[in-house]
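A short write-up of the structure that comes next.
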Amino acid sequence: VSPETLRSTIRLYWGSFRGLSLNSVDFDWKAEIQETVGHELRHHLEALAGEDALEDVDDAMEMLFRRSEGEPWDPWFFRWGTRAGSGVWVVEDHVFLELEIPKDVDPAGVDELVAEWRGREFAVAMPPRLGDLTFIQLWGLEDEEPPYVELVVVLERSWWARAKSVFGGTATKVMEYEGEIGWLDEPTGDDGGR
């Protein structure tokens, strides 16, 4: 094998998988290896096609990790994940439901936020304060194996405010809360983009 004949390689490091296996008695070696090889093959195929979608997903996963560790993170990272419907983004096992509040709506006059999960509408109490982006960890989705689901409330800003934040270096104000949901309707059979 020479550099002229070798195109790509995938190297699996036993120690990394072993380290992961020590954290879980249910560690599935076969599934983890299949997922890793599939992920790396996708990287290769996207690189050949001049795409970088999976690179964005990897960056989003890095930001998710940084957030969980209390390190600096980009609050828009969820949009780097895989789009799973209108306003629905997936990063690993985290689902982000984006809900924009129009600039002509006064959030102080809103008691609850209404969104959809797997074809059903739900409501969650409006947090006491909103940032430019407000993440609300949702509880009460009643799934057998619920993913980690957050509602991301985005305050719509004028083009001037957006330009000032980009060129003026204004930081995005981020708030984080938890909220118990209440279902507003019966299941429709639609999966709501998931």
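Consider residue 77 carefully, then state whether it is more than 17 Å from the chain's Cα centre (by Cα), surrounded by 12 or more Cβ atoms within 10 Å (Cβ to Cβ), within 18 Å of residue 137 (Cβ to Cβ) and among the aromatic types (Phe, Trp, Tyr). For residue 77, the condition - more than 17 Å from the chain's Cα centre (by Cα), surrounded by 12 or more Cβ atoms within 10 Å (Cβ to Cβ), within 18 Å of residue 137 (Cβ to Cβ) and among the aromatic types (Phe, Trp, Tyr) - is not met. Out of region 112-146, which residues are over 21 Å from residue 185 (Cβ atoms) and either modelled with pLDDT of 95 or more or out of contact with any helix residue (DSSP H, G or I) (no Cβ under 6 Å at 6 or more places or on another chain) (or both)? Matches in region 112-146: 127, 128, 129, 131, 132, 133, 134, 135, 137, 145. All conditions but one from (1) closer than 18 Å to residue 173 by Cβ; (2) free of Cβ contacts under 8 Å to residues at least 60 places away in the same chain; (3) assigned to a loop (DSSP other than H, G, I, E, B) apply to residue 142; the one that does not is (1).
Of the listed requirements (1) open to solvent by 60 Å² or more (accessible area, probe 1.4 Å); (2) over 23 Å from residue 181 (Cβ atoms); (3) touching a Phe, Trp or Tyr at 6+ places or on another chain (Cβ under 9 Å), residue 128 misses just one: (2).
Scan region 36-69 for residues that are outside any helix (DSSP H, G or I) and either at pLDDT 85 or above or surrounded by 12 or more Cβ atoms within 10 Å (Cβ to Cβ) (or both) and jot them down. So that I can check it myself, show each step before the final result.
We begin by selecting, within region 36-69, every residue outside any helix (DSSP H, G or I); these are 49-52, 69.
Result: 51, 52, 69.
Cβ-Cβ distances below 7 Å connect the following pairs, each with a first residue in region 83-104 that is open to solvent by 100 Å² or more (accessible area, probe 1.4 Å), a second residue that is in a loop (DSSP other than H, G, I, E, B), and a separation of six or more residues or different chains: 86/193; 100/156; 103/156; 103/157; 103/158.
Among the residues of region 82-109, write down those that are assigned to a loop (DSSP other than H, G, I, E, B) and more than 21 Å from residue 178 (Cβ to Cβ). Reasoning before the result, please.
Step one: filter region 82-109 for residues assigned to a loop (DSSP other than H, G, I, E, B), giving 86-87, 92-93, 102-106.
Scanning region 82-109 gives 86, 102, 103, 104, 105, 106.
The values are calculated or read from the model by the stated rules, or taken from the named source; none is laboratory data. These numbers were taken from a predicted model, which means no experiment stands behind them. Here the Cβ is made from the backbone with ideal geometry for all residues, glycine too, and neighbour counts use every protein chain on show. SASA here: full protein model, heavy atoms, side chains in, ligands and nucleic acids out. Shrake-Rupley method; radii C 1.70, N 1.55, O 1.52, S 1.80 Å.
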